Amino acid sequence: MKLLMIYCNKFSFEPGVKTLDQFETIKSGKSYDNILAGFIQAEQEDEADPAGVEKKLIKNLKWAAKKNETKNILLHSFAHLSDRKADPGFTKSLFDKSQQRLENADYICYQTPFGYFLHLNLDAPGNSHARIFKSF
């Protein structure tokens, strides 16, 4: 898994091009304040240990959220961090399970629309914990 975490004062998106027809169609965007955005790419080898990958993903997201003093987390599929992409169904399932576990731990968790190229707007501060990359 590749995980790029960016703390954002403000994060917003509008739907662009839909690339995966099997996922929900979205017509409008959203905006969030004080949120940790996780740009996540699940890789093929992650499919062999879904529970382990989920555990590491959640641990890293919680750590970075705490460092940035937020309980708001956004999961964003970003299949541009490696050329070894996992199956989209696996990735979406991983996101859904991770969101549920984060919410059970008193985080407020969202997902950007899955299977889209999105128009993104970010306002990210320039401090040491605002941008963190992990590979596991």
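The numbers here are math on the coordinates, done by the rules we state, and not lab data. Quantities reported herein were computed from a predicted structural model and do not represent experimental measurements. Using ideal geometry, Cβ is built from the backbone for each residue, glycine included, and neighbour counts are taken over all protein chains shown.
When residues in the stretch 79-94 are screened for being under 14 Å from the mean Cα position of the chain (by Cα), surrounded by 15 or more Cβ atoms within 10 Å (Cβ to Cβ) and either closer than 25 Å to Ser128 by Cα or of a type in the set (A, V, I, L, M) (or both), 3 of them pass.
In the stretch 50-74, of all residues being surrounded by fewer than 17 Cβ atoms within 10 Å (Cβ to Cβ) and under 12 Å from Met5 (Cα atoms), the one that is nearest to the chain's Cα centre (by Cα) corresponds to Trp63.
If you check Phe11, Phe39, which single one turns out to be assigned to a strand (DSSP E or B), touching a residue at least 60 places away in the same chain (Cβ under 8 Å) and under 19 Å from Ile132 (Cα atoms)?
Details: Phe39 fails: touching a residue at least 60 places away in the same chain (Cβ under 8 Å).
Going through Phe11, Phe39 in turn, just one is assigned to a strand (DSSP E or B), touching a residue at least 60 places away in the same chain (Cβ under 8 Å) and under 19 Å from Ile132 (Cα atoms): Phe11.
Number of residues in the stretch 42-72 that are part of a helix (DSSP H, G or I), charged (D, E, K, R) and without any contact (Cβ under 8 Å) to a residue 40 or more places away in the chain: the value is 4. Scanning the stretch 14-29 for residues that are assigned to a strand (DSSP E or B) and not charged (D, E, K, R) returns Pro15, Gly16, Val17. Which condition from (1) closer than 23 Å to Asn104 by Cα; (2) out of contact with any helix residue (DSSP H, G or I) (no Cβ under 9 Å at 6 or more places or on another chain); (3) buried (at least 16 other Cβ atoms within 10 Å of the Cβ); (4) not aromatic (Phe, Trp, Tyr) is the one that Ile40 breaks? Exception for Ile40: condition (2).
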